[in-house]
Amino acid sequence: MKRHSFPDSPFKIQLSFFHIVDELEKQAAGPDGESTTRAKELLAEVAQCPELVEGLTTYEQIEKNERLIHRLLEHYFPKALTMNEIKAINLPYTDLIFNHTERFKNILKAAGPGFSFNIRDFDAHQFYVLSCCLILNEFYGTTLDFSRPLFYDIPTADGVIKHYRILYNADFLDIIPTERAVTLTADDIELLLDNYDDLDLWMAKFPRESWTLKGFAIMTLYDATVENAVSIFKERLLGLNAAGFEENMQSIFRSIYRIPDIKVGFTLYNQEEDQFTVSDPFSQYMSSFIMQGNAHKEAHTLLCSSSYNCLVKKKEYFAISDVGEFITADPENLLGNYFHQQGIRSFILAPVVKNGQLLGVLELLSLRSKELNSINANKLEVVMPFLTDTMERLLVELQNEVQAIIQEKYTAIHSSVYWKFREEVQTLIAHRETGKSYELQEIVFPDVYPLYGQIDIKGSSEVRNTSVQQDLQLQIKTVCALIKQLSDPEYAMAQQGATGGIQTTAISSRYTNTFGEIQEQLRDYLIELSFPLRAGTEQYITAYLANEVHPVLQQYGTDPRVRAYFVETDKEKGAFHLQRRKYETTISMINNKLSDVIDRNQATAQVLFPHYYERFKTDGIEHNLYIGASISPKLPFSLQKLYDLRLWQLQTLCEMEIAHHRMKAELPYSLDVTSLILVYNATIAIRFRMDEKRFDVDGSYNARFEIVKKRIDKAFIKDTSERITQSGKITIVLSSNLEEQEYLQYIKTLQSQMILDGEIEQFDIEDLQGVSGLKAIRVKIVH
């Protein structure tokens, strides 16, 4: 019967129920009763279908005898459990599955007609070798531990993949040699133990269909979806705790391999240098056995040719079940001799690979031969994902020293220039390791083109001053009314009656003159607040209330009106800060919306060409972009990259203003914004200022760019009193006809996209201090 999941197998399948028939014959020979009668009836039916005992050879025979087979198996598939158990008849590792329970049928129905059974991560090689191992254990007395969890991944009706653990009951299976079976010697078995990967060898020792697998197995599935999720969670949580890390690893592998004294090690691999290495941060986590006390060693020198080819080139397990035989075959083998001297008699070296890159080698060593071999090396597949992510984290920690120094010396660095800082820090670390002194060099990027833009919140200062005035006026009026009530004689008499007269009378006489002084001062402040707010007014009025007024009011702290007053002084919720909160919320909402747009669009801009980007939140958003070959020296730079970024900048500022316009109705204060771009056609140099922890222009000549930036936003059109920026329009400041023609083309592009209006304004800008000859283009944005 050809119902293997894979085309080749050492087994010739004979699906037979002879074990069940033998049991029925015993029952039929017993005393009369219901079970005896049932047994005799079944035996009579089986007699009409001898293939059920001799062996079914076609799937059609199974279908023909389906009802009888179901009755034969009633005791093993109780009807009461058919909706609970996920069970069927199967032969191990094959896709011959039938006689499903109802729950199993429902699962398959939900999976759809296109679903086919495939054991997860189980290929033809594994199928063949594990089938051979069944024969070795059954006929040659070996105790090969090749078991590992097997799973089916089955989709539900809504497409969710569920994971089912496979369990086999093989009590009803017999393994029988045929005339094609090869008799194995002890040497043959030893050879097989060390050559799991040599499929040709296994097929030579166990030719196809040289053994008969007769009988049937009961396959039970259980839903292990949660178990799998927990495993993935563990993979993420396996931490970098140096204390007891190696002991924990040994404990895990002792459980997996059932070897009480297994040794576990790890060695880093440097792909660029093709060498193994022991790094100080790693030595505190795990020992390295293959390094033999060396700090660095070329991989091809440390390993023999076979292990190098297996681990480094193929990135596969390398296992030796008997180190003595290993060095007998190759007496000059350094690794084998070293292990033998240390008492190691079998070992497994497993490559730790992430994204196709060899990170290092996991080392498992046993003091006894045969305990570790190429067969049980495959058990590592269960835990390797955990180990791979853990080792990757350890490598990240090793690199964190570089990052820590960068953070200490330079603060947060934009990704486009990070490489320069990393190079400098790596040079510093290299000098430190050799005991040499080294001063960090300044980070400079010459010949970069600057791009500057801003969106300013129009009238924000006036609105803030108005909000402050309104809040202070409300607070002062409330204080005046409260003091008037507290100084009322009738209030004092009422308080005297309530408290016995002594304490309240003392308070009233003490503060009578103080109340009068406070009210006079507060009236003066109200008059001052009726005029435009001056610098410092908010600070000294707030200080007066806190230092002079509130201590007096606190003497009446039991009065509910006083308590109510102090509730309203709370900056987060009180009424005396309501207008300021509305103003701050407005500024925050605008800034957050604008920064979200430009930050999101930056992903596209960086694809155009990597460049340095920084933005600042003030009363609006400012940004600087620097692009040039020195920032990304490994990429070809041309002026077209600059032009692409300029168009991106213009379009992004338009999108930012449009986004503001759409949210304007939601703002506590309906504030407008103005947009501005400064075009600077010459290259400059930027230098990282160690004292300020930020980039700045380098040199007095380059400082002209910063001067222009600071002075243009409040500039006027030449010979007018009109500002160059207006709400709803974007202003582009430039200095040459060449730049003017360039930006007119960009504007034309955005006009075709209905982002900019058709009318274009062009004008000269008034001469500024140290800056003259500037001109501007201004275009309305289509909202």
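Read-outs: derived from the displayed coordinates by stated rules, not from any lab. Note that the structure is predicted; figures quoted are calculated from it, not measured. Cβ: placed from backbone, ideal geometry, glycine included. Neighbour counts: every protein chain shown.
With both partners inside the chain, how many of the DSSP beta bridges are antiparallel, as a percent to the nearest 5?
Of all bridge pairs located within the chain, approximately 90 percent are antiparallel.
With a cut-off of 8 Å between alpha carbons and a minimum separation of six or more residues, what is the relative contact order of segment 105-162 in percent?
Averaging sequence separation for qualifying contacts and normalising by length gives 47 percent for segment 105-162.
Considering the dipole of the chain built from charges on the beta carbon (Lys and Arg +1, Asp and Glu -1) around the Cα centre, which of 597, 633, 391 is farthest to its positive end?
Result: 597, furthest along the dipole toward the positive end.
For the residue pair residue 783 and residue 156, what label-to-label distance in nm results when each label sits 7 Å from Cα along the Cα-to-beta-carbon direction?
4.9 nm
Calculate one ³J(HN,Hα) per residue across segment 183-194 by plugging θ = phi - 60° into the Karplus curve 6.51 cos²θ - 1.76 cosθ + 1.60, and present them in order as whole Hz with x for glycine and proline.
Here the 3J(HN,Hα) series is 7, 9, 9, 4, 5, 4, 5, 4, 4, 5, 4, 9 Hz.
Relative contact order for segment 670-765 using alpha-carbon pairs under 8 Å, separation at least 6, rounded to a whole percent?
Contact order relative to length: 33 percent.
If the chain between residue 176 and residue 427 were fully stretched, how many nm would it gain, using 0.36 nm times the residue separation less the Cα-Cα distance?
83.5 nm
Could you pull out every residue, at least 5 positions away or on a different chain, whose amide H is within less than 5 Å of the one on residue 353? Hs are placed 1.01 Å off N in the peptide plane, and Pro or chain starts have none.
359
Between beta-carbons, use under 13 Å as the cut-off and find the net charge around residue 602, counting Lys and Arg +1, Asp and Glu -1.
Summing Lys and Arg as +1 and Asp and Glu as -1 gives -2.
Please work out which option in (1) 35.8; (2) 26.1; (3) 28.2 gives Kirkwood radius over Cα pairs in Å calculated from these coordinates, and answer with its label.
Comparing each candidate, only (1) matches the computed number.
Once both axes come from the Cα atoms, what is the angle between helix 502-529 and the longest principal axis of the chain, in degrees from 0 to 90, rounded to 10?
Helix 502-529 sits at roughly 80 degrees to that axis.
Could you list which residues have their amide H under 5 Å from that of residue 224, counting only those 5 or more apart in sequence or on another chain, with H placed in the peptide plane?
163, 164, 165
List the aspartates and glutamates whose Cα lies under 13 Å from the Cα of residue 214, skipping any in the same chain that are fewer than 8 positions away.
Partners within reach: 51, 54, 171, 174.
Going by Cα centres, segment 439-484 and segment 289-316 are how many Å apart?
Centre-to-centre distance over Cα atoms comes out at 63 Å.
Which whole-number percentage describes the relative contact order of the chain, with Cα contacts under 8 Å and a sequence gap of 6 or more?
Result for the chain is 9 percent.
Once you order the gyration tensor axes a ≥ b ≥ c over the Cα atoms, which shape class does segment 582-781 get: rounded for a/c under 1.5, otherwise prolate or oblate by comparing a/b with b/c?
rounded
Label residue 608 and residue 200 with points 7 Å out from Cα along Cα→Cβ: what is the distance between them in nm?
5.9 nm
In segment 27-165, with Lys and Arg counted as +1 and Asp and Glu as -1 at Cβ, which of these residues, 82, 146, 49, has the Cα nearest the positive end of the dipole, that is, farthest along it?
Looking along the dipole axis, the top candidate is 82.
So what does the Cα-only Debye profile of segment 601-652 read at q = 0.19, 0.22 Å⁻¹, as log10 I(q)/I(0), no solvent term?
With no solvent term, the Cα-only Debye profile gives -0.64, -0.82.
For segment 681-750 and segment 72-146, compute the distance between their C-alpha centroids and round to whole Å.
73 Å
Straight-line reach from residue 105: which lysines fall under 16 Å, measuring Cα to Cα and dropping same-chain residues less than 8 apart?
Excluding near neighbours in sequence, the set is 79, 87, 162.
Pop the C-beta distance of residue 341 and residue 165 into the FRET formula with R0 = 41 Å and round what comes out to the nearest 0.05.
0.45
Where nothing but the Cβ of Lys and Arg (+1) and of Asp and Glu (-1) is charged, how large is the charge dipole of segment 582-781 around its Cα centre, in debye to the nearest 20?
400 debye
In what sequence do 221, 639, 15 fall when counting other Cβ within 10 Å, fewest first?
Ascending Cβ contact count within 10 Å gives the list 639, 221, 15.
For the pair residue 662/residue 305, report the inter-label distance in nm, with labels modelled 7 Å from Cα in the Cβ direction.
6.8 nm
In sequence order, what are the phi-derived ³J(HN,Hα) couplings for segment 559-576 according to the Karplus relation 6.51 cos²θ - 1.76 cosθ + 1.60 with θ = phi - 60°, rounded to whole Hz, with x for glycine and proline?
Along segment 559-576, the couplings run 5, x, 6, 5, 4, 5, 4, 5, 4, 6, 7, 5, 5, 7, 10, x, 5, 6 Hz.
Assuming 0.36 nm per residue, please report the length gained on full extension of the stretch residue 44 to residue 584 beyond their Cα-Cα distance.
That pair, residue 44 and residue 584, stretches by 185.2 nm at full extension.
Among residues other than residue 584 whose Cβ falls under 13 Å from its Cβ, what is the net charge (Lys/Arg +1, Asp/Glu -1)?
+3
Are any of the pairs 313/634; 205/313; 571/693; 693/775 more than 31 Å apart by Cα-Cα distance, and if so, which?
571/693; 693/775
Full-extension gain between residue 103 and residue 58, please, as 0.36 nm times their residue separation minus the C-alpha to C-alpha distance.
This chain segment gains 13.6 nm when fully extended.
In terms of Cα to Cα distance under 22 Å, which lysines are near enough to residue 664, apart from those fewer than 8 places away along the same chain?
458, 582, 593, 617, 729, 780
Taking a label point 7 Å from the Cα of residue 485 along the Cα→Cβ vector, which residues of segment 556-594 have an amide N closer than 19 Å to it?
556-570, 574-577
Using r as the Cβ-Cβ distance of residue 571 and residue 514, and R0 as 30 Å, what FRET efficiency do you calculate, to the nearest 0.05?
Step by step, r from the Cβ atoms, then E = 0.70.
Kindly express, to the nearest 10 degrees and within the range 0 to 90, the angle between helix 737-752's C-alpha long axis and the longest C-alpha principal axis of the chain.
That works out to roughly 60 degrees.
³J(HN,Hα) across segment 653-662 via Karplus (A = 6.51, B = -1.76, C = 1.60, θ = phi - 60°), whole Hz, x for Gly/Pro?
Each residue of segment 653-662 in turn: 5, 4, 4, 5, 5, 4, 4, 5, 4, 5 Hz.
Let me know the charge dipole size of segment 65-110 about its Cα centre in debye, to the nearest 20, where only the beta-carbon of Lys, Arg (+1) and Asp, Glu (-1) is charged.
140 debye
Can you tell me the dipole magnitude for the chain around its Cα centre, using point charges on the Cβ only (Lys, Arg +1; Asp, Glu -1), in Debye to the nearest 20?
Charge dipole of the chain: 1940 debye, to the nearest 20.
For residue 528 and residue 719, what is the calculated FRET efficiency with R₀ set at 45 Å and r taken between the beta-carbons, to the nearest 0.05?
So, using R0 = 45 Å, E works out to roughly 0.70.
In whole Å, what is the distance between the alpha-carbon centres of segment 25-62 and segment 322-344?
Each part's Cα centre sits 59 Å from the other's.
Around residue 446, with a cut-off of 15 angstrom between Cβ atoms, what is the net charge of the other residues, counting Lys and Arg +1 and Asp and Glu -1?
Taking every other residue near residue 446 into account, the sum is -2.
Ranked by Cβ crowding within 10 angstrom, fewest neighbours first, how are 646, 258, 615 ordered?
The most exposed by this proxy come first: 258, 615, 646.
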